[in-house]
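The values are calculated or read from the model by the stated rules, or taken from the named source; none is laboratory data. A quick note: this is a predicted structure, and the numbers were derived from the prediction, not measured. As a convention, Cβ positions derive from the backbone with ideal geometry for all residues, glycine included, and neighbour counts pool all protein chains shown. Side chains are part of the model used for accessible areas, which takes the heavy atoms of the whole protein and leaves out ligands, DNA and RNA. Shrake-Rupley method; radii C 1.70, N 1.55, O 1.52, S 1.80 Å.
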Amino acid sequence: MRIEGSSALITGGTSGLGLAVARRLLAGGAKVVVTGRGEERGLAAVRELGPGAEFVSADVCDEEAMARAVDRAAALGRFGAAVCCAGTGAFGRTLGRRGPLPLAEFTEVISANLVGTFNTARLAAAAMAGLEPDDGERGAIVCCSSIAAFDGQRGQVAYATSKAAVCGMTLPLARDLSEYGIRVVTVAPGIFETPMVAAVRPDTLAAIAAQTPQPSRLGRPEEFAALVAHVLANPMLNGEVIRLDGACRLGHV
Ligand SMILES: NC(=O)c1ccc[n+]([C@@H]2O[C@H](COP(=O)([O-])OP(=O)(O)OC[C@H]3O[C@@H](n4cnc5c(N)ncnc54)[C@H](O)[C@@H]3O)[C@@H](O)[C@H]2O)c1
């Protein structure tokens, strides 16, 4: 799809990887709607992003709020891109000092990371399906998994499960939406410098950087955004999960 002149919806676009995607797509000539739950942070993000960016307050699991966000993106231009960055990290062992992991904690992560991604994809696809095809294509959806989907560490059972499910969803989504000329690709990042990892102990982050063969550091949000922009623009990328991790393979802890 052509980024210039189109509009894009970016969930979780008010911070971290999503905000970097918003910057990149705006620089490429798109208009963007960023969604998130915090009004104040959303408004600060659009102030920083400048003209061409709008904020819609929406929990990714909220059908009506997300439908409003999609409608807003569709009103801004040719709505050809949805990037699902909203997600939540969580730490909790299956059996910890407080006993078994509370089911509500597990469900909350599955809900935000998996159900929210599907909610975004299905609503975005419905809006894109109404477009006139451009060179056989109507739009593209990029989902965000994590290398935890493959190398889930101790304490990551909920997070890793949710992210593995996003990988599992990618091919059937791409197959379902192929008849509408809509592609679906998932990016599985390694550890990137964002607010999500700000709470992680510095020595843990240093150990992960050291385990990353090349480059031996954490990822930068603009590197994630560069891959998303390429995925959106390259019509042959479809139904695939792409690791973006400097060859990092997470260990046991
Ligand atoms: N930073 C990393 O190292 C890393 C690695 C792998 C995957 N990821 C994934 O990348 C995505 C972006 O994360 P980030 O690192 O930019 O962190 P971040 O915390 O800056 O961004 C995540 C955003 O999603 C929002 N969010 C969470 N639950 C939501 C919900 N139910 N409804 C709406 N918004 C919700 C948060 O408020 C936040 O703004 C997430 O899916 C995360 O799991 C991040």
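Quick check, is Ala129 exposed (fewer than 15 other Cβ atoms within 10 Å of the Cβ) and in contact (Cβ under 8 Å) with a residue 12 or more places away in the chain? Spell out the reasoning first.
Working: exposed (fewer than 15 other Cβ atoms within 10 Å of the Cβ): yes; in contact (Cβ under 8 Å) with a residue 12 or more places away in the chain: yes.
Yes, satisfied.
Just checking, which of Arg217, Arg183 is at pLDDT 95 or above and in a loop (DSSP other than H, G, I, E, B)?
Working: Arg183 fails: in a loop (DSSP other than H, G, I, E, B).
Just a single option satisfies the conditions, and that option is Arg217.
Of the residues that sit in the stretch 82-103 and are outside any loop (DSSP other than H, G, I, E, B) and more than 16 Å from the ligand (Cβ to nearest atom), which one is nearest to the chain's Cα centre (by Cα)?
Filtering the stretch 82-103 down to residues outside any loop (DSSP other than H, G, I, E, B) leaves 82-84, 92, 95-96, 99-100, 103.
Of the ones still in play, those that are also more than 16 Å from the ligand (Cβ to nearest atom) are 95-96, 99-100, 103.
Values: Leu95: 29, Gly96: 29, Gly99: 32, Pro100: 29, Leu103: 24 Å.
Ranking the qualifying residues of the stretch 82-103, first place goes to Leu103.
If we keep just the residues of the stretch 186-203 that are more than 12 Å from the ligand (Cβ to nearest atom) and not in a loop (DSSP other than H, G, I, E, B), which is nearest to Gly13 (Cα to Cα)?
Kept after step one, since they are more than 12 Å from the ligand (Cβ to nearest atom), are these residues of the stretch 186-203: 201-203.
Restricting the remaining residues to those that are not in a loop (DSSP other than H, G, I, E, B) gives 202-203.
Details: Pro202: 25, Asp203: 28 Å.
Restricting to residues being more than 12 Å from the ligand (Cβ to nearest atom) and not in a loop (DSSP other than H, G, I, E, B), the top hit is Pro202.
Which of the residues spanning the stretch 20-39 are in contact with a helix residue (DSSP H, G or I) (Cβ under 8 Å, 6 or more places away or on another chain) and more than 15 Å from Val56 (Cβ to Cβ)?
Restricting attention to the stretch 20-39, the residues satisfying the condition of being in contact with a helix residue (DSSP H, G or I) (Cβ under 8 Å, 6 or more places away or on another chain) are 20-26, 28, 31-36.
Correct list: Ala20, Val21, Arg23, Arg24, Leu25, Leu26, Gly28.
Just to be sure I understand, how many residues within the stretch 220-252 are outside any strand (DSSP E or B), within 16 Å of the ligand (Cβ to nearest atom), touching a helix residue (DSSP H, G or I) at 6+ places or on another chain (Cβ under 9 Å) and open to solvent by 50 Å² or more (accessible area, probe 1.4 Å)?
Selection size over the stretch 220-252: 4.
Just to be sure I understand, how many residues within the stretch 186-208 are open to solvent by less than 80 Å² (accessible area, probe 1.4 Å) and at pLDDT 95 or above?
Matching residues across the stretch 186-208 total 8.
Considering only the stretch 136-181, how many residues are under 19 Å from Thr117 (Cα atoms), small (Gly, Ala, Ser) and crowded, with 17+ Cβ neighbours inside 10 Å?
Final tally of qualifying residues: 12.
Scan the stretch 140-153 and give yes if some residue there is free of Cβ contacts under 8 Å to residues at least 40 places away in the same chain, under 30 Å from Arg2 (Cα atoms), part of a loop (DSSP other than H, G, I, E, B) and within 12 Å of the ligand (Cβ to nearest atom), otherwise no.
no
Output the number of residues of the stretch 1-59 satisfying the condition of being over 20 Å from Asp71 (Cα atoms), open to solvent by 30 Å² or more (accessible area, probe 1.4 Å), away from the ligand (no atom under 13 Å from the Cβ) and not hydrophobic (A, V, I, L, M, F, W, C).
Residues meeting the conditions: 4.
One residue is enough: does the stretch 110-123 have a residue meeting the conditions touching a strand residue (DSSP E or B) at 6+ places or on another chain (Cβ under 6 Å), in contact (Cβ under 8 Å) with a residue 12 or more places away in the chain, in a helix (DSSP H, G or I) and open to solvent by 30 Å² or more (accessible area, probe 1.4 Å)?
Kept after step one, since they are touching a strand residue (DSSP E or B) at 6+ places or on another chain (Cβ under 6 Å), are these residues of the stretch 110-123: 117, 120-121.
Keeping just the survivors that are in contact (Cβ under 8 Å) with a residue 12 or more places away in the chain gives 117, 120-121.
From the residues that got through so far, the ones that are in a helix (DSSP H, G or I) too are 117, 120-121.
Of the ones still in play, those that are also open to solvent by 30 Å² or more (accessible area, probe 1.4 Å) are none.
Within the stretch 110-123, not a single residue is touching a strand residue (DSSP E or B) at 6+ places or on another chain (Cβ under 6 Å), in contact (Cβ under 8 Å) with a residue 12 or more places away in the chain, in a helix (DSSP H, G or I) and open to solvent by 30 Å² or more (accessible area, probe 1.4 Å).
Name, by its number, the condition in (1) within 25 Å of Ser111 (Cβ to Cβ); (2) open to solvent by less than 10 Å² (accessible area, probe 1.4 Å) that does not hold for Ala67.
Tallying (1) within 25 Å of Ser111 (Cβ to Cβ); (2) open to solvent by less than 10 Å² (accessible area, probe 1.4 Å), Ala67 fails exactly one: (2).
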